[in-house]
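To start, the structure itself, in structure tokens.
The values are calculated or read from the model by the stated rules, or taken from the named source; none is laboratory data. Bear in mind the structure is a predicted one, so any value in this text is a computation, not a measurement. Here Cβ is always computed from backbone atoms with ideal geometry, including for glycine, and neighbour counts include all displayed protein chains.
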Amino acid sequence: MDVKDKIKKEIDRLTGLIKENERITLQMPEYLRSNQIFLLELYKKQLNMLENELIKLEA
Amino acid sequence: MAVINITPFTDITELIASDRVNAGDVLLLEEGIYFQNVIITKDNIRIIAKGPGVIFDGQSSLITAFTLSNVTGVVIEGVNIRHYRFDGIVIDGGSGNRIIKNRINNLLTIGISVFHSSGNLIWKNEVCRCNDGIVLNLTSTSNRIIDNIVKDCSGTGFGTVLASDSNNAFVSNKAIRNRLIGFDIFGNNNLVYDNLAIDNNEGIRTGDGSNTLIIGNVVKGCTLNGYFITDGIRNQFSGENHIACNRIAGILDQGELGVFYKNEISFNGDTGITLFFFNNLVMDNILVCNVPENIIERGSGNIFINNIQKPCEPCEAPGVICGDCDKEDNSSN
């Protein structure tokens, strides 16, 4: 497996997890929700960085 | 500097963000079960478990136990983490943080995840039954991963992901029974020294980088290769590794200009060393009873000096010799 495959797999995994956890976070009580949203944003940033790495590698 | 006692009822994120906590303060965690995501946004905060019963349980609904967000000098010591939906401990940016003696299990993703961060110490942690154990990603450099154990994960034990994840050191760690790779090391100038990889799918893999050092490791009982050097790796150095009882090759090399020096490679099920490419130096290695051959060269320009090669003795074969060797080593860990 080369680095592109590795990144693609990671992107797929993160995308699925973010989507699933956004749904779960919406059902949480208010006092837990803000930290969860902060963390989801962090993982979205990570996902975005990985997507940029993949674009660079495929260019 | 102050010591602040923390109970499971304290909102730790809010406390750290407040004026009540300053750099150098110790947050001393009382034993009990904590249900929270902790986000640390202040430098030099030390979060220390008061005893072995400090448990952060995400109850399969919270995302991450501890997130160090662009901070320096934070310590997390002695905490048990379980049942979070993402990672146990995340270091996002920043540098020089210390993650020590934590026990992390049953997470959906990574035990300890470092991204875009440098100079962190990850020491004496245990990670089991997660997706991956300890992973450095997105330009994480000069991190020290020492004396950790990762076992029974469904993915990789220890890993770096990109070419830019460089100058990291993995020393004296153990990767046991992980379903993918014990040590999956991409990037430049990474050191893998004195580690143990037993009963993983593959022991060590290096990719997408150069100048990797693989020294003094023990790799045994893997389903595939002991050490796989992927296509394009240049100038890797493997010295004094003990690679035995892997079902395919001891070392499968698709790199070039590498050096294999004083390794002991024995009882592997499909060759000791297979060289697919060019201009490697293979010197002073001991190869014993690898079948069908101790060394196979498919590339060219490789140089072989002073290697000792022994065929199998009568009635000796990898399947017979290896038997339970991985189980013996597992039981001692």
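Among the residues of the stretch B:75-119, write down those that are on the phi > 0 side of the Ramachandran plot and within 14 Å of chain A (Cβ to nearest Cβ).
Correct list: B:H83, B:G93, B:G94, B:H116.
Looking only at the stretch A:38-55, count how many residues are more than 16 Å from B:F35 (Cα to Cα) and free of Cβ contacts under 8 Å to residues at least 24 places away in the same chain.
Residues that pass the stated criteria total 9.
If you take the residues of the stretch B:3-26 that are among the hydrophobic types (A, V, I, L, M, F, W, C), part of a loop (DSSP other than H, G, I, E, B) and over 31 Å from the mean Cα position of the chain (by Cα), which of them is surrounded by the most Cβ atoms within 10 Å (Cβ to Cβ)? Please lay out each step first, then the result.
Residues of the stretch B:3-26 that are among the hydrophobic types (A, V, I, L, M, F, W, C), as a first pass: B:3-4, B:6, B:9, B:12, B:15-17, B:21, B:23, B:26.
Keeping just the survivors that are part of a loop (DSSP other than H, G, I, E, B) gives B:9, B:21, B:23.
Filter once more, so that each one left must be over 31 Å from the mean Cα position of the chain (by Cα): B:9, B:21.
Details: B:F9: 9, B:V21: 19.
By that ranking, first place goes to B:V21.
Do you know which residues across the stretch A:26-59 are more than 7 Å from chain B (Cβ to nearest Cβ), over 12 Å from the mean Cα position of the chain (by Cα) and of a type in the set (D, E, K, R)?
Listed by number, the residues that qualify are A:E30, A:R33, A:K56, A:E58.
Under the condition of being small (G, A, S) and within 14 Å of chain A (Cβ to nearest Cβ), which residue from the stretch B:162-183 is nearest to the chain's Cα centre (by Cα)?
So in the stretch B:162-183, the residues small (G, A, S) come out as B:163-164, B:166, B:169, B:172, B:175, B:182.
Cutting the leftovers down to within 14 Å of chain A (Cβ to nearest Cβ) gives us B:163-164, B:166.
Numbers: B:A163: 17, B:S164: 17, B:S166: 14 Å.
So, considering only residues that are small (G, A, S) and within 14 Å of chain A (Cβ to nearest Cβ), the one nearest to the chain's Cα centre (by Cα) is B:S166.
Any idea how many residues of the stretch A:1-25 are of a type in the set (D, E, K, R) and more than 9 Å from chain B (Cβ to nearest Cβ)? I'd like the intermediate steps shown before the answer.
Within the stretch A:1-25, the first condition is being of a type in the set (D, E, K, R), and the residues that meet it are A:2, A:4-6, A:8-10, A:12-13, A:19-20, A:22-23.
With more than 9 Å from chain B (Cβ to nearest Cβ) added as a condition, the list becomes A:4-5, A:8-9, A:12, A:19, A:22-23.
Number of matching residues: 8.
Identify, from the list B:G119, B:G209, B:G133, the residue that is assigned by TED's automatic domain parsing to the domain that holds B:N102, over 20 Å from B:I248 (Cα atoms) and touching a residue at least 40 places away in the same chain (Cβ under 8 Å).
Details: B:G119 fails: touching a residue at least 40 places away in the same chain (Cβ under 8 Å); B:G209 fails: assigned by TED's automatic domain parsing to the domain that holds B:N102.
When all the criteria are applied, what remains is B:G133.
Of everything in the stretch A:1-22, what is at pLDDT below 90 and of a type in the set (A, V, I, L, M)? Give them in sequence order.
A:M1, A:V3 - these are the residues of the stretch A:1-22 that are at pLDDT below 90 and of a type in the set (A, V, I, L, M).
Just give me the residues in the stretch B:4-26 being within 14 Å of chain A (Cβ to nearest Cβ) and among the small types (G, A, S), in sequence order.
Within the stretch B:4-26, B:A17 is the sole residue that qualifies.
Can you name every residue in the stretch B:27-39 that is surrounded by 18 or more Cβ atoms within 10 Å (Cβ to Cβ) and either facing chain A (nearest Cβ under 9 Å) or closer than 12 Å to B:I76 by Cα (or both)?
Once the filter is applied, which keeps residues that are surrounded by 18 or more Cβ atoms within 10 Å (Cβ to Cβ) and either facing chain A (nearest Cβ under 9 Å) or closer than 12 Å to B:I76 by Cα (or both), the stretch B:27-39 yields B:L27, B:L29, B:Q36, B:N37, B:V38, B:I39.
Select, from B:I296, B:I265, the only residue that is surrounded by fewer than 23 Cβ atoms within 10 Å (Cβ to Cβ), in the same structural domain as B:E316 (by TED's automatic domain parsing) and in a strand (DSSP E or B). If you could, list the steps in order and put the result at the bottom.
Numbers: B:I265 fails: surrounded by fewer than 23 Cβ atoms within 10 Å (Cβ to Cβ).
Selected residue: B:I296, the only one of B:I296, B:I265 that is surrounded by fewer than 23 Cβ atoms within 10 Å (Cβ to Cβ), in the same structural domain as B:E316 (by TED's automatic domain parsing) and in a strand (DSSP E or B).
Taking A:L50 as the residue in question, decide whether it is under 22 Å from B:N70 (Cβ atoms), in contact with a strand residue (DSSP E or B) (Cβ under 7 Å, 6 or more places away or on another chain) and surrounded by 13 or more Cβ atoms within 10 Å (Cβ to Cβ).
Values: under 22 Å from B:N70 (Cβ atoms): yes; in contact with a strand residue (DSSP E or B) (Cβ under 7 Å, 6 or more places away or on another chain): no; surrounded by 13 or more Cβ atoms within 10 Å (Cβ to Cβ): yes.
For A:L50, the condition - under 22 Å from B:N70 (Cβ atoms), in contact with a strand residue (DSSP E or B) (Cβ under 7 Å, 6 or more places away or on another chain) and surrounded by 13 or more Cβ atoms within 10 Å (Cβ to Cβ) - is not met.
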